Every structure is written in structure tokens, then in C-alpha cells.
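Participant: Below is the structure I would like to discuss, written out as C-alpha cells.
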Amino acid sequence: MEVSTDYDESLEPFITPCDIKNINDFGKTFLPPFFCFIFTVSLLGNGLVLFILCKFESLSKVTNIFLINLVVSNLIFSISLPFKAVYNNSEWIFGNVICKMVGSTYTLGFYSSVLFLTLMTFDRYLAVVHVVAAMNQRRSCYAFTMAAVVWSVSVLGSLEPYFSLTVEDDPKLGKICEEYDPDNKIMSAYPEFVLFFLFPLVVILYCYIRIGLRVVMTRLNSRHRTVKLIFVIVVLFFLCWTPYNVILLMKEQAKDNLCDYSLIYPEYITRNIAHLYFCINPVFYMFMGKKFQNYICRLLFNKNVSINSRSSY
């Protein structure tokens, strides 16, 4: 009787390469309420901004079109957080398709937020530095076209998690939703860092330097409240996401040492700090935006606060 010596590697359980039990134990305690908090604040804050824009503002204005798309990007990102809260509390219980969809949603929200922040900054640059040309170009058709381009690029970038993520059985952690072959990613850390971090950073810095010089030279500070608001939102984004991107880049350079705990722990911490951005920035719409403050007063106290239609947020 012949004994088959064929071995099917697919039957072997998936084993995580690093011992991250301490991180997982901490995550079970800290991350579920943390993710739920971010999701709740983001849903309420971004939802309120979206409601105010739709109720009180002209949706054909270029700035409003970009702002609505940025808010939608934040909400799309936040949708993934309840699934991550449950996942960090136990194991992945939602199946393979949801694993892929949550990964894609997370990536889509992140990529589109970066690009819309960059687009909003560039639009402010046109409106302040190239006023005459902007009057002819900054129309709703231009805004919808640029928004469509951003969403197309973001959707293409979010397809990779859908194809690379899968649910595997780990003997220690149970069912996990992870990349089955991280080495064969199309969007590795380097192009992602350049396209969705370095390039936006360079564009934004250039635009705000030019905007700052023009505002100082013409002394039109009072007319550019929107510039200040977008500047704060951009600064918040880069404060939240810069540490995480730097750690990812360092991790890519140390590929041969996957279990370098000097990088695993910082990656874990900076990634979760970065999530705060999506619940923090709606708050700044309300605290820094004069028109938003007036609109909220009208909603809460039913007061007809006088609003200058030409004033910015």
C-alpha cells in the first residue's frame, strides 16, 4: 500500500510571524472604546457639518463642494471603525467579504481625505493668489470634475486591500483579517508615502507660503477666514498622520526584520493616534468657522443670526 507524500500547505494554519500577545492584550482593553468614541464623535461632528452645509449653504459653490466631499471622506473612513473595535476585542467574526470591504473602506477614506485636503488648499491658492484667473475657472463644473478625479484615484488605490486581505486561522489569535502576501503588494510603502503624503505636503506648503505672502502684502486678513480654517485642518492632518507614515517608511526599510519591536510598538501607537484626525477636524469647523457658529445658534436656539453671505467659514 502506497502512502501519499504530497503535502497541501493550504491546510496548514496561518501563524503570525511575531509574538504580539502583549499588544493584543492591551488592544482588547483600550481599542474597542477608543474606536467607538472616534466613530461616534466623527459621525456626529461630520454629520452636523454636512447637515448645516445642505440646509444653509449653496451646494454649487466650489468651496462647499470640496468641503462636502472631505466630510464624506471622513465618514467613509469612520464606517470601518466599529468593525475594528469588535475585531480588536476578540477575533474577526464578519467573514472574508466584509474583511475585504472594511480594508477597502478604510483605505478609500484615508486616500480621498488626503487628496481633498490638497485640492482645497490648491483651490484657496487659486482664489487668493490668482484672483482674476480663478474667477473664470472656479465654477461648479470645475469642482465636480476635480472631485470625480479624486474619487477615481482613491477608488483605484483602495482596490488593493480588497484583493490582498483574507481571513486566516491563527492558532493563537483565532480568525484574523490580514494580507496573505504582504511582499507582493502593488502599492508598497514607498509609492504610498510619495503619492499620499510627500506630494500633498509639498503642494500644501507651497500653496500656503504663496497665500501667506499675498495676504500679508495686501492686508486682506479679514477676507480670508477660510484660508485659516483650511490651514488648521491641514496642520491637524499632518500632525496626526506624519508619525505613522514615518514609521511605515522605516518599517519598509527594515523588511528583513519583521519582528523589530522597536517599530511594531510605535506603529501600533501612531496608527491609532492618526485615527483621531477624523473626529477632531469637524470640531474646528464649529469653533473656528464664524458662519458655522451662527448656523449652530440658529439650529439650537432658533435665532435668526445675521450672516454676511460673503463671509467665509
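The values are calculated or read from the model by the stated rules, or taken from the named source; none is laboratory data. None of the values given here were measured: they were computed from a predicted structure. When we count neighbours, we look across all protein chains shown, and the Cβ atoms used for this are built from the backbone with ideal geometry, even at glycine.
Participant: Would you call Thr242 modelled with pLDDT of 75 or more, out of contact with any Gly (no Cβ under 6 Å at 6 or more places or on another chain) and hydroxyl-bearing (Ser, Thr, Tyr)?
Facilitator: In short, yes.
Participant: Additional query: Please go through region 148-173 and pick out each residue that is exposed (fewer than 15 other Cβ atoms within 10 Å of the Cβ), more than 24 Å from the chain's Cα centre (by Cα) and either modelled with pLDDT of 85 or more or among the aromatic types (Phe, Trp, Tyr) (or both).
Facilitator: Selection gives Asp169 alone.
Participant: Within region 93-119, track down each residue that is among the aromatic types (Phe, Trp, Tyr) and closer than 15 Å to Ser164 by Cβ.
Facilitator: Of region 93-119, the ones among the aromatic types (Phe, Trp, Tyr) are 94, 106, 110-111, 116.
Across region 93-119, the qualifying residue is only Tyr106.
Participant: Look at Cys279 and say whether it is more than 20 Å from Tyr125 (Cβ to Cβ) and either in a helix (DSSP H, G or I) or at pLDDT 80 or above (or both). Even if it seems obvious, please write down each step before you answer.
Facilitator: Values: more than 20 Å from Tyr125 (Cβ to Cβ): yes; either in a helix (DSSP H, G or I) or at pLDDT 80 or above (or both): yes.
When the stated conditions are applied, Cys279 passes them.
Participant: Report every pair of residues separated by at least 6 positions or lying on different chains whose Cβ atoms are under 6 Å apart, first residue within region 130-149 and closer than 11 Å to Phe66 by Cβ, second part of a helix (DSSP H, G or I) and basic (Lys, Arg).
Facilitator: Going by the 6 Å Cβ cut-off, there are no qualifying pairs.
Participant: The conditions are (1) within 21 Å of His275 (Cβ to Cβ); (2) modelled with pLDDT under 90, and Val129 fails exactly one of them. Which is it?
Facilitator: (1)
Participant: Let me ask something additional. Go through the residues of region 120-137 one by one and say whether even a single one is in a helix (DSSP H, G or I), among the β-branched types (Val, Ile, Thr), under 24 Å from the mean Cα position of the chain (by Cα) and within 24 Å of Glu160 (Cβ to Cβ). Break it down into steps so the answer makes sense when it comes.
Facilitator: Narrowing region 120-137 to residues in a helix (DSSP H, G or I): 120-129, 131-137.
Adding the requirement that they be among the β-branched types (Val, Ile, Thr) leaves 121, 128-129, 131-132.
If we keep only those that are under 24 Å from the mean Cα position of the chain (by Cα) as well, we get 121.
After this cut, where a residue has to be within 24 Å of Glu160 (Cβ to Cβ) as well, the list is none.
No, that holds for no residue.
Participant: How many residues does region 282-313 contain that are polar (S, T, N, Q), farther than 25 Å from Phe238 by Cα and modelled with pLDDT under 75?
Facilitator: 6
Participant: Taking Ile247, is it out of contact with any His (no Cβ under 9 Å at 6 or more places or on another chain), modelled with pLDDT under 75, buried (at least 19 other Cβ atoms within 10 Å of the Cβ) and more than 18 Å from Ala134 (Cβ to Cβ)?
Facilitator: Numbers: out of contact with any His (no Cβ under 9 Å at 6 or more places or on another chain): yes; modelled with pLDDT under 75: no; buried (at least 19 other Cβ atoms within 10 Å of the Cβ): yes; more than 18 Å from Ala134 (Cβ to Cβ): yes.
It is false that Ile247 is out of contact with any His (no Cβ under 9 Å at 6 or more places or on another chain), modelled with pLDDT under 75, buried (at least 19 other Cβ atoms within 10 Å of the Cβ) and more than 18 Å from Ala134 (Cβ to Cβ).
Participant: Report whether or not Tyr190 is at pLDDT 75 or above, crowded, with 17+ Cβ neighbours inside 10 Å and among the hydroxyl-bearing types (Ser, Thr, Tyr).
Facilitator: Values: at pLDDT 75 or above: yes; crowded, with 17+ Cβ neighbours inside 10 Å: no; among the hydroxyl-bearing types (Ser, Thr, Tyr): yes.
Against the criterion (at pLDDT 75 or above, crowded, with 17+ Cβ neighbours inside 10 Å and among the hydroxyl-bearing types (Ser, Thr, Tyr)), Tyr190 does not qualify.
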